1. Being crowded, with 17+ Cβ neighbours inside 10 Å and over 27 Å from Ser254 (Cβ atoms) is the filter here, so list the residues in the range 38-58 that pass it.
2. What number of residues within the range 50-74 satisfy the criterion of being basic (Lys, Arg) and over 21 Å from the mean Cα position of the chain (by Cα)?
3. Can Leu240 be described as modelled with pLDDT under 95, closer than 30 Å to Lys96 by Cβ and not assigned by TED's automatic domain parsing to the domain that holds Tyr111?
4. Can Phe267 be described as among the aromatic types (Phe, Trp, Tyr), at pLDDT below 95 and surrounded by 15 or more Cβ atoms within 10 Å (Cβ to Cβ)?
5. Looking only at the range 27-39, decide whether some residue is farther than 27 Å from Asp158 by Cα, at pLDDT 95 or above, in a loop (DSSP other than H, G, I, E, B) and not acidic (Asp, Glu).
6. Scan the range 103-137 residue by residue and report those that are charged (D, E, K, R) and at pLDDT 95 or above.
7. Across the range 40-57, what is the total count of residues that are at pLDDT 95 or above and of a type outside the set (S, T, N, Q)?
8. Suppose the filter is part of a loop (DSSP other than H, G, I, E, B), modelled with pLDDT under 95 and surrounded by fewer than 20 Cβ atoms within 10 Å (Cβ to Cβ); does Lys16 pass it?
Amino acid sequence: MNKEIFPYAVTITAPKEYPIEVHQGYLLDSKEQFICAMPKAGSTTGSWQSDGSKAGQGGDKIPYHLNLTYVAYAEKKFYKIDADLPADKILENFRKGFMVQGNVLEANNLYNLIPGTYDTFTVGAAPGGVVVVWLSGDHHRVEIGRFQAKEIFVDRNDFYDNPQGRTQQEFFDTMFDIEVKQDIQKSIKEKGIPFGLWDKYREKFKYRFVFKPYDEKDMLIKNANIYYNGEEEVLNVADLSKKEYKNLPIPQHSKLMFTIYGTDITFDDQELLFVFKNLQKKHLGKPMDILVAPTFMYNDFKLSVKCEEEIVPLSKYNIENIWGG
């Protein structure tokens with residue numbers, strides 16, 4: 001696609017444990033003209049992997065500049081980011097798009113694939129002023145860039161439409177109790193906030209999924225992955241047949257569909273980071289396989305990571321669902 005106009009919604013998200021709320025913000029185009037305001041949709045309630053509420057904001061011009069001020073309730077701070085965006089990268093990804101499932105059932109009993117592209121511009125804010133921008137749409141999500149917000153002062157009565165009698169600290173303390181879940185409050189008091197975790201999620205490793213069926217007639221026909229860094233993609237038969245290794249962040253959730261059966265798997269972030277990094281230290285630069293092996297009658301799946309001849313079993317993943325048969 002050679003066009004430069006791509007309609008999109010604008011959303012805000014944050015890790016579900018560390019909610020934020022927009023104070024004010026906007027996007028500008030290449031002529032420094034206003035595209036839209038950033039959505040004031042209340043406290044974020046989704047997760048790092050979700051887009052958040054659309055709140056009626058959006059545009060169709062390529063954004064060149066982001067200005068956003070928000071409150072981070074778990075940190076009891078206001079942050080501001082005022083940064084240029086990689087507009088060329090945004091346009092390139094809009095044009096590149098991705099392939100999605102169509103409505104025509106083909107001879108191989110699989111649906112046809114048709115071109116699609118992104119329709120949402122999402123800004124994520126993680127603890128420590130970490131700001132990440134993604135494009136997303138139809139089970140695909142790609143990171144555009146990582147930025148650093150700075151702590152600033154915003155009077156609590158400028159943040160609220162209805163002025164409050166609380167002091168600034170009372171405002172932070174009250175909203176911390178209201179917006180941050182009790183178990184997270186306890187964790188913060190005991191262990192602190194895990195600053196830097198969302199940058200660790202952005203680290204990439206060269207790997208692929210490998211299906212190990214006990215029946216050679218069975219095969220992996222679809223692999224939909226949501227990654228811990230917030231990206232998402234769907235690999236179809238044509239992609240999987242290449243058997244190629246890709247530089248990817250660690251998977252958070254994988255939907256694997258085979259000839260008859262399918263399963264949903266959620267991975268443990270700390271286990272995968274530990275296993276991947278250890279294997280990379282021992283096998284410098286060598287690609288890895290996430291081996292997926294079904295047990296008898298597909299009652300369960302055993303997972304491990306292989307690098308060269310070394311195989312490390314995984315134990316902290318969760319098989320959420322198995323269907324088919």
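The values are calculated or read from the model by the stated rules, or taken from the named source; none is laboratory data. Remember, it's a predicted structure, so these values are computed and weren't measured experimentally. Reconstructed Cβ throughout: ideal geometry from the backbone, glycine too, with neighbour counts over all protein chains shown.
1. Within the range 38-58, Met38, Pro39, Ala41, Ala55, Gln57, Gly58 qualify.
2. To start, the set of residues in the range 50-74 that are basic (Lys, Arg) comprises 54, 61.
Narrowing further to those that are over 21 Å from the mean Cα position of the chain (by Cα): 61.
Count: 1.
3. Details: modelled with pLDDT under 95: yes; closer than 30 Å to Lys96 by Cβ: yes; not assigned by TED's automatic domain parsing to the domain that holds Tyr111: yes.
It is true that Leu240 is modelled with pLDDT under 95, closer than 30 Å to Lys96 by Cβ and not assigned by TED's automatic domain parsing to the domain that holds Tyr111.
4. On the way: among the aromatic types (Phe, Trp, Tyr): yes; at pLDDT below 95: no; surrounded by 15 or more Cβ atoms within 10 Å (Cβ to Cβ): yes.
In short, no.
5. yes
6. Scanning the range 103-137 gives a single hit, Asp119.
7. Qualifying residue count for the region: 2.
8. Details: part of a loop (DSSP other than H, G, I, E, B): yes; modelled with pLDDT under 95: no; surrounded by fewer than 20 Cβ atoms within 10 Å (Cβ to Cβ): yes.
So Lys16 does not fit the description; no.
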